[in-house]
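So the structure is just underneath, and the comments pick up after that.
The values are calculated or read from the model by the stated rules, or taken from the named source; none is laboratory data. Fair warning: this is a prediction, and the values are worked out from it, not measured in the lab. So basically every Cβ, Gly included, is an ideal-geometry build from the backbone, and we count neighbours across all protein chains shown. Each accessible area value is taken on the protein alone, full model and side chains, heavy atoms only, with ligands, DNA and RNA left out. Shrake-Rupley method; radii C 1.70, N 1.55, O 1.52, S 1.80 Å.
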Amino acid sequence: MGARRACGRKTGTWPQAGPPGRRYKPWIMDCPKCGHQQADTVKCASCGIYFAKFAQQQALIASRADAPPDELPDSGFGWRALALTAIVSTALAWYVLRGHATSPATPALPASAASGAAQSAAAPAPSAAGSLPQALRGLEAQLARNFPARNAIETARNATVFIKTGWGMGSGFIIDADCHVVTNRHVVETDGARVANMAVSSTEMRTRIAIAEQQLRANIIQQLQLRRALAGQPGTNLQVIEIDDRIQAMKEELADLPARVNHAISDKVEGSGRSGFTAIVVDGTEFSSLHAQYADNRDLAIFQLPAEHCPHLEPGNSGTLAQGERLYTIGNPSGLAYSVTSGIFSGNRGAGQERFLQTDAPINPGNSGGPLIRENGEVVGINTLVLQGAQGIGFAIPIEAVYQEFLQLRVPQH
């Protein structure tokens, strides 16, 4: 019976049984690369290629040429990478979730942070012209010394924090001198099942899963082509067994990909949640192993920094906002720490516990949980979500909801 291979012209046949002592012409093949004729079916004596490896490379090239242009040729892409993307993205926005990192890096501080963070509490006291008010103490004095505020917005910046979890990142702000921090629940959520269900049910994640399923099917086809290319080649039995194992594993992943993604997200969130999260203030000081209290009715959470005399934002009355009034957001979009953006108040949407403040001030992934403030530095809302498929339509929870949900916070008396 004639031998089979992926490419290259073959001549001759395998020796047939016959009378003892009779010599037969050996099976001769052409090298698929250089055309050299020889009896050795493992390695070309002329150009040095190994025939099995060359066949594998040609099958891979052919499969990539046939693949749709938007698909990645990386055969290692699967539910694990997809789940990791979901984990990072889930912590960034309530509905539309974006991100591609395994663990968020420490934010890039503002331009003056390199020198400011290097200054310690033991730095020389400022001169009389730049002396701090005598009332400032603790963390408030530390940040005022390293990052002196030149306007109300920079004062609010000093009371804003960057939040880093094991699965994402977001923002928050200090609401009182006792160092309570307000943020969104979805930024610090540790209920793995809740986060996973929310992520997998989102439109974007369903699209990602569909793409991953398509990639898995393409990878299975690629491996089947490779298996056919190796069929009949001497010394390839182990490779064929490994290919069969890979094909079977990918078929199993394809059969229940959404469930695998859900499970991976849940495990990652709950595992990271046990160790808590980290809050970073503007001079780079970190507070680790923090845990939050969640609101029952809104996407809100609070936690307390282990510090004293914190700089904090004064709450404003969101009910007095006028359409067209200038508003600002402070947050960490895509890890760009303490970025300030501005827009206007577009109007109220909903009522009661469903009331939101609409603004065209950019609310990007990483801004979630950060403050929406007036020009005088008063906080009127908590940046929470954006409208899918639209630009310049963001929503914030009114600041009054914080005091309705967390009764331990004292409403400032004006």
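Using each residue's phi in the range 249-257, evaluate 6.51 cos²θ - 1.76 cosθ + 1.60 at θ = phi - 60° and report the 3J(HN,Hα) Karplus result to the nearest Hz, with x for Gly and Pro.
Running phi through 6.51 cos²θ - 1.76 cosθ + 1.60 with θ = phi - 60° gives 5, 5, 5, 5, 5, 5, 5, 9, 4 Hz.
Could you tell me which of rounded, prolate or oblate describes the range 154-251, using a ≥ b ≥ c as the square roots of the eigenvalues of the alpha-carbon gyration tensor, with rounded for a/c under 1.5 and, failing that, prolate when a/b is larger than b/c and oblate otherwise?
Cα axes put the range 154-251 in the prolate bin.
Using alpha-carbon pairs under 8 Å, 6+ residues apart, how would you state the relative contact order of the range 165-204 in percent?
For the range 165-204, the relative contact order is 28 percent.
For the range 299-414, which whole-number percentage of the solvent-accessible area (1.4 Å probe, protein heavy atoms only) is attributable to carbon and sulfur atoms?
48
Which residues in the range 328-371 have a backbone N closer than 17 Å to a point placed 7 Å from the Cα of residue 203 along the Cα-to-Cβ line?
365
For the range 145-250, which trypsin sites (Lys or Arg not before Pro) pass both filters: DSSP loop (anything but H, G, I, E, B) and at most 16 other C-beta atoms within 10 Å?
Those that pass, being in a loop and sparsely packed, are 150.
List the relative contact order of the range 287-341 as a percent without decimals, with contacts defined as Cα pairs under 8 Å and 6+ residues apart.
In percent, rounded to a whole number, it is 18.
Under the classification rounded if a/c is under 1.5, otherwise prolate if a/b is larger than b/c and oblate if not, where does the range 288-414 fall, given a ≥ b ≥ c as square roots of the Cα gyration tensor eigenvalues?
In terms of gyration-tensor shape, rounded.
If you take the beta carbon distance between residue 326 and residue 137 as r and set R0 to 22 Å, what does 1/(1 + (r/R0)^6) give as a FRET efficiency, to the nearest 0.05?
0.10
Using amide H atoms built in the peptide plane, which far-off residues or other-chain residues are under 5 Å from residue 300 H to H?
Residues meeting the criterion, in which the H sits 1.01 Å from N, are 185, 295.
Using modelled amide H (1.01 Å from N, peptide plane; none on Pro or chain starts), what sits under 5 Å from the amide H of residue 342, excluding residues fewer than 5 places away?
Answer set, sorted by chain and number: 329.
Could you tell me the calculated FRET efficiency between residue 150 and residue 336, based on Cβ-Cβ distance and R0 = 22 angstrom, to the nearest 0.05?
0.65
Give the long-range amide H neighbours of residue 385: residues separated by 5 or more places, or on another chain, with amide H under 5 Å away, using H modelled in the peptide plane at 1.01 Å from N.
It is 395, by chain and number.
Counting only heavy atoms of the protein chains, get the accessible area per residue of the range 170-217 (1.4 Å probe) and round it to a whole Å² value.
Dividing the accessible area of the range 170-217 by its residue count gives 32 Å².
Take each of the peptides 232-240, 173-181, average the number of other beta-carbon atoms within 10 Å over its residues, and list them starting from the highest.
So the peptides 232-240, 173-181, ranked by packing, come out 173-181, 232-240.
For Cα pairs less than 8 Å apart in space and 6+ apart in sequence, what is the mean separation divided by the residue count of the range 345-395, i.e. the relative contact order in percent?
Relative contact order of the range 345-395: 33 percent.
How big is the dipole moment of the range 303-414 about its Cα centre under a simple scheme where the beta carbon of each Lys and Arg is +1, that of each Asp and Glu is -1, and everything else is neutral? Debye, nearest 20, please.
Its charge dipole is roughly 140 debye.
Based on alpha-carbon centroids, what's the gap between the range 160-178 and the range 347-371 in Å, whole number please?
Here the two parts' Cα centres lie 17 Å apart.
Which ³J(HN,Hα) values in Hz, rounded to whole numbers, follow from the phi angles of the range 148-161 under the Karplus curve 6.51 cos²θ - 1.76 cosθ + 1.60, where θ = phi - 60° and Gly and Pro get x?
These are the phi-based 3J(HN,Hα) values: x, 7, 9, 7, 5, 5, 6, 5, 5, 4, 5, 9, 9, 10 Hz.
Say each of residue 228 and residue 391 gets a label point 7 Å from the Cα, pointing the same way as Cα to Cβ; how far apart are those two points in nm?
4.6
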